[in-house]
Amino acid sequence: MEHAAQGTCPSSVAIIGGGIVGLFTALELLERGYNVSLIEPDLPGGRQAASYGNGTWVSEGAIIPISLPGMWRAVPGFLLDPMGPFVLQWRYLPWLLPWLVRFLAAGRSWSRVERDIPARAALLTGAVARYEACAAEAGISQLMGARGVMYVYRSHADLEADRPAWDLRSKYGIEYEVREGESLRSLVPDLSAEYILGIRILPAVSLRDPGKFCAGLAKLFEDRGGRVFKALATGFDLSGGKLRAVQTSQGPIACDYAVIAAGIGSGKLARMVGDLVPLIAERGYHVEVLDCPIRLQTGLMPADGKMAVSSTLTGLRLAGQVELAKPTTPPDWRRARIQLKHARRMFPQIADIIDNGPHDVWMGNRPSTPDCLPVIGRSSGCPDVFHAFGHGHTGMVMAPGTASLVADLIAGSTPSVDPTPYSPRRFRFSR
Ligand SMILES: Cc1cc2nc3c(=O)[nH]c(=O)nc-3n(C[C@H](O)[C@H](O)[C@H](O)COP(=O)(O)OP(=O)(O)OC[C@H]3O[C@@H](n4cnc5c(N)ncnc54)[C@H](O)[C@@H]3O)c2cc1C
């Protein structure tokens with residue numbers, strides 16, 4: 001491992017953003033001997049962060065992007081059905097169109113989809129072990145939840161629709177098991193008999209509370225000498241081609257390097273250092289059925305409902321939905337509650353509890369690029385500022401891999417992962 005503190009004063013790094021990506025990166029750099037500051041205006045992993053209310057899945061099987069062949073045919077439905085799983089409002093169409101066109105183009109054929117799979121897989125491999133190790137160091141192993149994540153189907157025809165994705169997972173060595181009949185029932189005894197088949201990705205784990213997990217990482221960071229500044233980063237003090245400080249609402253924070261890991265807030269900061277990245281909020285929702293009597297032994301995804309279902313410390317969390325809107329648009333809480341309908345179908349015996357709650361509802365911004373790959377690398381405008389954002393639907397699982405890559409790039413060592421596919425400059429030309 002490279003250490004920044006070899007004999008001389010260690011270099012200092014300011015991480016902007018205390019979501020899961022900023023936290024893993026901050027810990028990785030601390031471990032490598034840097035002086036690390038974390039700049040976050042709210043609580044690290046607090047309710048404002050996507051890292052708080054997500055589907056809880058850390059699944060190394062997440063190699064399939066969101067934009068897939070044939071999706072363009074569904075676009076009229078995105079516009080016309082306000083309660084569908086993927087919604088786009090007419091009034092935002094002109095603003096979203098350039099992003100949407102690139103998004104659909106990225107999924108235009110299975111060969112195009114496959115082209116990015118190695119880049120996705122490179123950030124996923126080993127994620128579960130990294131979470132386990134960090135949880136043990138932070139004393140939060142009790143927040144590591146059920147093993148595996150299982151897609152459940154009501155018919156073989158439904159499975160056939162997903163067949164190309166499973167074929168790709170097989171081709172890229174993702175370990176999974178098929179469960180039917182008794183083997184399905186023994187794992188999920190509470191699941192309705194309407195579901196006849198499950199395919200379970202094995203290198204995966206659910207977190208019992210992603211927000212608390214982030215808080216645990218932030219505490220570990222501070223215990224090890226990292227400093228947290230409660231401030232909003234507003235710009236960069238650059239002179240002579242060097243970074244001098246990150247400007248914040250509380251004054252400048254001097255540093256040798258900075259990492260932009262501010263989730264949906266990253267686009268604005270990236271522009272200040274020369275990179276215009278098409279980053280939008282793919283808004284998602286969760287509804288949690290509090291005090292739910294069902295405790296799952298694996299994460300679940302109903303193929304018809306497209307939502308992650310997991311047992312958390314406080315209940316049964318249903319998380320999903322895609323709403324393309326400006327981050328400032330008020331939440332539409334009906335979208336959180338749509339997910340209750342699918343939960344009732346999965347667990348009809350507790351329909352009453354599912355309907356009548358109590359519930360916790362939450363909305364968050366997935367920071368999404370049109371090709372579903374994150375933006376990781378040196379900024380175009382200053383060699384001391386690095387990007388680590390745009391992880392869309394899979395930021396929880398990609399955070400440890402992102403942290404290692406960013407640390408390698410800052411150290412100037414040969415990265416274990418090829419950074420080319422994540423370059424902020426890839427959007428300058430159509431791929
Ligand atoms: C409904 C839903 C379900 C999901 N399910 C999963 C899942 O099961 N598995 C998975 O891997 N991923 C999932 N995701 C995606 C995942 O949650 C995100 O990709 C990930 O949390 C992004 O992490 P982040 O650290 O980049 O951003 P965030 O968690 O949003 O953190 C960014 C932080 O930066 C701070 N910030 C913003 N601007 C500034 C600034 N100027 N200065 C300082 N700080 C700033 C914010 O306050 C925030 O705390 C889901 C997302 C949603 C919405």
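Pick from Trp90, Trp57, Trp166: which residue has the top mean-square fluctuation in a GNM of the chain where Cα pairs under 10 Å get a spring? Looking only at Trp90, Trp57, Trp166, the largest GNM fluctuation is found for Trp90. Here the 3J(HN,Hα) profile of the stretch 183-198, calculated from phi with Karplus coefficients 6.51, -1.76 and 1.60 at θ = phi - 60°, is 5, 6, 4, 5, 7, 10, x, 8, 6, 3, 5, 4, 8, 10, 8, x Hz, Gly and Pro shown as x. Counted over all Cα-Cα pairs of the stretch 96-226, pairs farther apart than 27 Å make up 42 percent. Considering only alpha-carbon pairs that sit under 8 angstrom and 6 or more positions apart, the relative contact order computed for the stretch 63-163 is 28 percent.
To the nearest ten degrees, helix 395-411 and the longest principal axis of the Cα atoms of the chain are 20 degrees apart.
In plain terms, the bigger the Kirkwood radius, the slower the diffusion; for the stretch 273-399, with that radius from Cα pairs, at 10 °C and 1.306 mPa s, Stokes-Einstein puts D at 98 µm²/s. Entry note: the stretch 17-148 has Rg to Rh equal to 1.04, where both radii use alpha-carbon atoms and Rh is the Kirkwood radius.
Taking label positions 7 Å along the Cα-Cβ direction at both Arg73 and Trp110, the computed distance is 1.5 nm, reported to one decimal.
Between the amide H of Ala245 and those of Asp237, Cys255, distances stay under 5 Å, these residues lying 5 or more places away or on another chain, with hydrogens modeled in the peptide plane. When the P(r) of the stretch 180-251 is calculated, the portion above 13 Å amounts to 79% of the C-alpha pairs. Dipole of the chain, Cα-centred, from +1 at each Lys and Arg C-beta and -1 at each Asp and Glu C-beta, to the nearest 20 debye? Rounded to the nearest 20 debye, it is 1040 debye. A simple count of charges around Ala146, restricted to other residues whose Cβ falls under 11 Å of its Cβ and scoring Lys, Arg +1 and Asp, Glu -1, yields +4.
Quickly work out the Arg47-to-Ile117 label distance, labels modelled 7 Å from Cα along the C-beta direction, and quote it in nm with one decimal. The two pseudo-label positions are separated by 4.1 nm. Between the stretch 97-172 and the stretch 221-280, the C-alpha centres lie 30 angstrom from each other. Each residue of the stretch 16-21 is assigned a 3J(HN,Hα), and the resulting list reads 9, x, x, x, 5, 5 Hz, derived from the Karplus form 6.51 cos²θ - 1.76 cosθ + 1.60 (θ = phi - 60°), x at Gly and Pro. In the chain, Cα pairs under 8 Å separated by at least six residues give a relative contact order of 25 percent. Protection proxy ranking, highest mean first, for peptides 277-283, 190-196: 277-283, 190-196, where packing is the per-residue count of other beta-carbon atoms within 10 Å, averaged.
Kirkwood-type hydrodynamic radius, the stretch 67-109: 10.7 Å, calculated from all non-identical alpha-carbon pairs. With only the Cα atoms considered, the stretch 25-68 has a convex hull volume of 137 Å³ per residue. Here the average projected area of the convex hull drawn through the C-alpha atoms of the stretch 355-431 stands at 7.4 nm². Hey, could you get me the Stokes-Einstein D for the stretch 90-152, Kirkwood radius over alpha-carbon pairs, 20 °C and 1.002 mPa s, rounded to whole µm² s⁻¹? In µm²/s, the coefficient rounds to 138.
The charge dipole of the stretch 232-336, taken about its Cα centre with unit charges on the Cβ of Lys, Arg, Asp and Glu (plus for the first two, minus for the last two), comes to roughly 120 debye.
What the Cα convex hull of the stretch 317-372 gives, in volume per residue, is 97 Å³. Each Cα pair under 8 Å and six or more residues apart adds its sequence gap; the mean of these over the residue count of the stretch 197-347 is a relative contact order of 17 percent. Relative to the longest principal axis of the Cα atoms of the chain, helix 156-171 runs at roughly 30 degrees. GNM remark for the chain: springs join alpha carbons under 10 Å apart, and the peak mean-square fluctuation among Arg147, Arg185, Arg208 falls on Arg185. Judged by the mean number of other Cβ atoms found within 10 Å, the most tightly packed of the peptides 393-400, 239-246, 332-339 leads the ranking 393-400, 332-339, 239-246.
The orientation-averaged projection of the convex hull spanning the C-alpha atoms of the chain amounts to 20.1 square nanometres. Note on the chain: dipole from Cβ charges, positive end direction compared against Gln89, Ala165, Gln247; the farthest Cα belongs to Gln89. Between Ser11 and Asn35, the built amide H atoms are under 5 Å apart, and every one of these is 5 or more places off in sequence or on another chain.
Taking label positions 7 Å along the Cα-Cβ direction at both Glu31 and Leu290, the computed distance is 3.6 nm, reported to one decimal. Suppose R0 equals 22 Å. What FRET efficiency, 1/(1 + (r/R0)^6) with r the Cβ-Cβ distance, do Glu222 and Ser249 give to the nearest 0.05? Taking R0 as 22 Å, the efficiency between Glu222 and Ser249 is 0.60. Using only the C-alpha atoms, the convex hull of the stretch 219-279 corresponds to 95 Å³ per residue. Compute, for the stretch 1-104, the length of the dipole vector about the Cα centre, with Cβ point charges of +1 (Lys, Arg) and -1 (Asp, Glu) only. Units Debye, rounded to 20. Roughly 460 debye, rounded to the nearest 20.
Proximity of backbone amide H atoms, modeled 1.01 Å from N, is registered between Val385 and Ala258, Ser379 at under 5 Å, excluding neighbours fewer than 5 places apart on the same chain.
Among Gly305, Gly265, Gly77, the largest mean-square fluctuation in a Gaussian network model of the chain, built with springs joining Cα atoms closer than 10 Å, belongs to Gly77. With a Cα cut-off of under 20 Å and a minimum spacing of 8 residues unless on different chains, the lysine pairs in the chain number 6.
Every number here is computed from the coordinates shown, using simple stated rules; none is lab data. Because the structure is predicted, anything quoted here is derived from the model rather than measured. Glycine also receives a Cβ, built like all others from the backbone with ideal geometry; neighbour counts cover every protein chain displayed.
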